[in-house]
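Everything below concerns the one structure shown next.
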Amino acid sequence: MDQIVIRGGQRLKGRIPISGAKNAALTLLPCALLTDEPLTLRNLPRLADVDGFGHLLNQLGCSTTIEGSRPEDFGRVMTARTTTLTSTVAPYDIVRKMRASILVLGPLLARAGEATVSLPGGCAIGNRPIDLHLKALEAFGAEIELASGYVKASAPGGGRLPGGKFTFPVVSVGATENALMAAVLAKGICVLENAAREPEIVDLCNCLVAMGAHIDGIGTETLTIEGVDRLHGATYRVMADRIEAGSYACAAVITEGDVELVGAKASEMEATLASLREAGATVEETKGGIRVAMTGRAEPVTLSTAPYPGFATDMQAQFMAMATLGKGASLFTETIFENRYMHVPELARMGCDIDVRGRSAVVRGVDHLVGAPVMATDLRASMSLIIAGLAAQGTTEVNRVYHLDRGYERLEEKLQAVGADIERISAG
């Protein structure tokens, strides 16, 4: 199995291109199931999860072709076309490997009037049930049956959903996305209240509108979708990855570096940038993106994760790594997932002083970190180990890097280009 080896202590300086957003790409890909015309997605990141979702689309009858990227894009260009659905079943062996597979439920139901999708089960970072996905679809008129580990959803008579209204009791990004894609081909009007407002939701809405959907309230907590008879093809550019940008910003701070995050948009990551400024970093917009620079050790921060526009749970582990060399004690509270501190024992192997109590963690800055062999447990935890390794004395070996390959495109290349001593060592 591959590992990433880091010899720490190098100051990061230069420009880092930010790839297309993983979380947006995995939401835009299933839109190809909603029309028989081509959907072309530009700036699609080269990631294992994106490839896996492409294979799922192929099994459902969607053809996919990959082209070279344009100069202004860092990823690939994929054209997906589902002339005819050949299956409405997403099997267990695919869904268990990639939770985002549940996002074919809404599009299949909208296009074919039926869908059978495996229950995704739990996740290493905590339980993420799909009950809100199903309740929203039921509110729009779907009939739901759970049998043998599968969700079977159908529209009345196998036709189109009649429409309806659903208020989320808690904000759910995935359920909002699934409900949106189910609603765009409904007979009537669908309303979602207390909907997620993440930039990736806005990206999905904009793509659907480009395909001919009628959606009001984009970017707000109330979305009104007027169903249309059919959608057409479109060409759409995947938004920049705000989580990748924030991750490299943390790397710049902990190494007292100066980097420009090319392609990143400040308006999509205001909570992250505010916390970077709280840590003492210089943060400014540039013509091409965002500049993050740091002199000296980080100031203590107090962070509590929350749905957008709050501080993203996907940035918690990276900020925690950054705070390990801070001047004082930082306080973290994780409100989204109940088991998202699995990186803490691995960071402790490098000399970090972190005390976890339930959903809160106190990080006391230490004088230095020491490189060590560490094991990645999930995607963002993996990046926290990379960030710590960049500033540690000696050599850090990060194992289970397949987690990183799910969410960070060309990680080693990008960090090498700004001065990091990092390499991937392939097993065998």
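State which residue is surrounded by the fewest Cβ atoms within 10 Å (Cβ to Cβ) when the search covers only segment 391-408 and only residues that are closer than 19 Å to Phe319 by Cα and of a type outside the set (Val, Ile, Thr).
Filtering segment 391-408 for residues that are closer than 19 Å to Phe319 by Cα and of a type outside the set (Val, Ile, Thr), the one surrounded by the fewest Cβ atoms within 10 Å (Cβ to Cβ) comes out as His403.
Listed here are the residues, each with its yes/no results for (1) over 22 Å from Ser360 (Cβ atoms); (2) assigned by TED's automatic domain parsing to the domain that holds Leu29; (3) out of contact with any strand residue (DSSP E or B) (no Cβ under 7 Å at 6 or more places or on another chain); (4) without any contact (Cβ under 8 Å) to a residue 60 or more places away in the chain.
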site: Glu256; (1), (2), (3), (4): yes, no, yes, no
site: Ala266; (1), (2), (3), (4): yes, no, no, yes
site: Ser275; (1), (2), (3), (4): no, no, no, yes
site: Gln316; (1), (2), (3), (4): no, no, no, no
site: Phe332; (1), (2), (3), (4): no, no, no, yes
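If Gly217 satisfies all but one of (1) farther than 19 Å from Ala32 by Cβ; (2) surrounded by fewer than 20 Cβ atoms within 10 Å (Cβ to Cβ); (3) in contact with an Asp or Glu (Cβ under 9 Å, 6 or more places away or on another chain), what's the number of the condition it fails?
Result: Gly217 passes all but (3).
Restricting to segment 384-410, and then to whatever is in a helix (DSSP H, G or I) and under 16 Å from the mean Cα position of the chain (by Cα), can you tell me which residue is farthest from Arg46 (Cα to Cα)?
My answer is Ser384.
Among the candidates Thr27, Thr35, Thr40, which residue alone is in contact with a Cys (Cβ under 9 Å, 6 or more places away or on another chain) and not hydrophobic (A, V, I, L, M, F, W, C)?
None of the other options fit; the residue is Thr27.
Looking at this structure, is Ala195 closer than 18 Å to Leu137 by Cα and touching a residue at least 40 places away in the same chain (Cβ under 8 Å)?
In short, no.
Which condition from (1) in contact (Cβ under 8 Å) with a residue 24 or more places away in the chain; (2) in contact with a strand residue (DSSP E or B) (Cβ under 8 Å, 6 or more places away or on another chain) is the one that Thr84 breaks?
For Thr84, the failing item is (2).
Give the residue that is surrounded by the most Cβ atoms within 10 Å (Cβ to Cβ), with candidates limited to residues of segment 130-150 that are under 27 Å from the mean Cα position of the chain (by Cα) and of a type in the set (Asp, Glu).
Among them, the one singled out is Glu138.
Please tell me if Leu204 is buried (at least 19 other Cβ atoms within 10 Å of the Cβ), on the phi < 0 side of the Ramachandran plot and not in a loop (DSSP other than H, G, I, E, B).
Yes, satisfied.
From the list Gly106, Gly113, Gly163, Gly174, exactly one residue is touching a residue at least 12 places away in the same chain (Cβ under 8 Å) and surrounded by fewer than 19 Cβ atoms within 10 Å (Cβ to Cβ). Which is it?
Result: Gly163 is the single residue among Gly106, Gly113, Gly163, Gly174 that is touching a residue at least 12 places away in the same chain (Cβ under 8 Å) and surrounded by fewer than 19 Cβ atoms within 10 Å (Cβ to Cβ).
So, in segment 20-44, of the ones that are in contact with a Leu (Cβ under 9 Å, 6 or more places away or on another chain) and assigned to a strand (DSSP E or B), which residue ends up surrounded by the fewest Cβ atoms within 10 Å (Cβ to Cβ)?
Leu41
Looking at segment 146-155, is at least one residue over 27 Å from Tyr308 (Cα atoms), free of Cβ contacts under 8 Å to residues at least 24 places away in the same chain and of a type in the set (S, T, N, Q)?
yes
The values are calculated or read from the model by the stated rules, or taken from the named source; none is laboratory data. Quantities reported herein were computed from a predicted structural model and do not represent experimental measurements. All Cβ positions, even for glycine, are placed from backbone atoms using ideal geometry, and neighbour counts span all protein chains on display.
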